[in-house]
Amino acid sequence: MPETILTNNALAERIETSDEWIVERTGIRQRHIASVLETTNSMGAMAARNALQMAGVRAEDVDMVIVATCTPDKTFPSSACHIQQELGIPPCPAFDVQAACSGFIYGLSIIDQFIRTKMAKRVLLIGSEVMSRVVNWQDRRTCVLFGDGAGAILLEASSTPGILNTHISADGRHKDILYLDNQANATIEMQGNSVFKLAVNMLDTIANQILVANNLTIHDLDWLVPHQANIRIIQAMAEKLGLPMERVVVTLREHGNTSSASIPLALDFAIRQGKIKPGQRLLLEAFGGGLTWGTALIQY
């Protein structure tokens, strides 16, 4: 996470809002903001180093790098290529995935196919975003939501279950309710009410679909690790699923919405805090501009 923290009270000094207003509508109390020296590439590289260190794996043993981001430092070369060079990873496939907030799940699904078909053995998946550079800081509907950060995981071939299943999809008919143009100085545009309604219904549906496809019920899950978009979306989704909030990983209060970085950051927090333990079954799910969405069942 970037060192600089922007609290709701500090934000209220810039625009017409308050800590109470933001917390009530979003559940967010603060967000981290990247400095000019902190970028998608630099944060992604740091997260990747942490993942490699935690896994006890050398960079030279990685044979693929995928970065999920909608805020790359450059259109090309990809952030994955930059991070590959920074970490000293030998020549191998390295590319970015752009599916907005669903990018990390999309990347996970891609890696699952590569490992299952023995086209890769050890892959770095990184979610890294500097959302603070693409929000309108005068628009309180959106600027209160987003923060910056990066998270990473290492996946490798194993004889024991890890990724049980992934489902990804998109519906371009909803492309205009959440988007970011590529023109200079463009900022995020969002129809909040439409996104909220679609997200709650969609996430409930896709969660049940992947459970049914794997002959599981909500009672077979230990943890839900959702995209950290809005506490009301997370609570409504948990209620529809019949899952108590005690079994939902929530980092939204401290991080805000970090787009494709939110799920790996939530995983990192829950694992390092000892909440998620080996052998437990996790459901990851996300939605984003497109609209895109995805789920992943994981045996940790």
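The values are calculated or read from the model by the stated rules, or taken from the named source; none is laboratory data. As the structure is a prediction and not an experimental result, all values here were calculated from the model. With ideal geometry, Cβ positions are generated from the backbone for all residues, glycine too; neighbour counts draw on all protein chains shown.
State all residues of the stretch 92-109 that are in a loop (DSSP other than H, G, I, E, B) and either closer than 19 Å to Glu156 by Cβ or among the acidic types (Asp, Glu) (or both); if no residue qualifies, say none.
Cys92, Pro93
In this structure, does Asp112 turn out to be assigned to a helix (DSSP H, G or I) and crowded, with 17+ Cβ neighbours inside 10 Å?
Criteria met by Asp112.
Check off (1) free of Cβ contacts under 8 Å to residues at least 12 places away in the same chain; (2) assigned to a helix (DSSP H, G or I) for Phe76 and give me the number that stays unchecked.
Of the numbered conditions (1) free of Cβ contacts under 8 Å to residues at least 12 places away in the same chain; (2) assigned to a helix (DSSP H, G or I), the odd one out for Phe76 is (2).
Filtering the stretch 35-46 down to residues that are of a type in the set (A, V, I, L, M) and either modelled with pLDDT under 95 or not in a loop (DSSP other than H, G, I, E, B) (or both), which residue is surrounded by the most Cβ atoms within 10 Å (Cβ to Cβ)?
So, considering only residues that are of a type in the set (A, V, I, L, M) and either modelled with pLDDT under 95 or not in a loop (DSSP other than H, G, I, E, B) (or both), the one surrounded by the most Cβ atoms within 10 Å (Cβ to Cβ) is Met43.
Can you pull out the helices (runs of 4 or more DSSP H) entirely within the stretch 210-300 that have at least 1 residues that are surrounded by 19 or more Cβ atoms within 10 Å (Cβ to Cβ) and modelled with pLDDT under 95?
231-241
Just a yes or no: is a residue in the stretch 14-34 surrounded by fewer than 17 Cβ atoms within 10 Å (Cβ to Cβ) and closer than 24 Å to Lys118 by Cα?
There is no residue in the stretch 14-34 that is surrounded by fewer than 17 Cβ atoms within 10 Å (Cβ to Cβ) and closer than 24 Å to Lys118 by Cα.
Looking at the stretch 107-114, can you tell me whether even one residue there is touching a helix residue (DSSP H, G or I) at 6+ places or on another chain (Cβ under 7 Å) and at negative phi?
No; the residues of the stretch 107-114 include none that is touching a helix residue (DSSP H, G or I) at 6+ places or on another chain (Cβ under 7 Å) and at negative phi.
Among the residues of the stretch 115-137, what is the count of those that are part of a helix (DSSP H, G or I) and surrounded by 18 or more Cβ atoms within 10 Å (Cβ to Cβ)?
Qualifying residue count for the region: 3.
When you look at Ala12, is it modelled with pLDDT of 95 or more and farther than 29 Å from Ile231 by Cβ, yes or no?
No; evaluated as a whole, the condition is false for this residue.
Identify all residues within the stretch 201-220 that are within 17 Å of His167 (Cα to Cα) and touching a residue at least 40 places away in the same chain (Cβ under 8 Å); write none if there are none.
Met202, Leu203, Ile206, Ala207, Gln209, Ile210, Leu211, Ala213, Asn214, Leu216
Looking at the stretch 138-162 only, could you name the residues that are under 24 Å from Val65 (Cβ atoms) and part of a strand (DSSP E or B)?
Across the stretch 138-162, the qualifying residues are Asp148, Gly149, Ala150, Gly151, Ala152, Ile153, Leu154, Leu155, Glu156.
Would you point out the residue of the stretch 243-270, among those that are without any contact (Cβ under 8 Å) to a residue 24 or more places away in the chain and out of contact with any helix residue (DSSP H, G or I) (no Cβ under 8 Å at 6 or more places or on another chain), that is farthest from Thr160 (Cα to Cα)?
Ranking the qualifying residues of the stretch 243-270, first place goes to Glu246.
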